[in-house]
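Structure first, then comments.
What follows is calculated from the coordinates using simple rules that are stated; it is not laboratory data. The structure displayed is predicted, hence computed values, not measured ones. Backbone-built Cβ (ideal geometry, glycine too); neighbour counts: all protein chains shown.
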Amino acid sequence: MDSRSWMYRDLPQGLRMMDYCNRIQGFINYTQYNPINISEEDIRCSCNRCKNKKFLGPDVIMMHLL
C-alpha cells in the first residue's frame, strides 16, 4: 500500500471523501491476500476498537473503518 495520508483527509464539513471509501475497499482487498491477516475467510480489523486483534468479515471491517 502507498502512503496512508488519504486516511486523514476530510471535507471541511467533516464528511469523508469518496476517495476514502474507495481506498478502504482497496485496503481490504489488499489484506485478503496477505496470509498473516487471514483466519479462514476473515481478516484482522484495523479499526481503533479492534486494534488488529479481532478477525472479522470484510463487510464488518468496512463499517468499522467508515
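Couple of notes before you dig in:
- Model label points for R49 and L66, set 7 angstrom from Cα along the Cα-to-Cβ axis, are 1.5 nm apart.
- The order of the peptides 48-56, 32-40 by mean Cβ neighbours within 10 Å, most packed first, is 48-56, 32-40.
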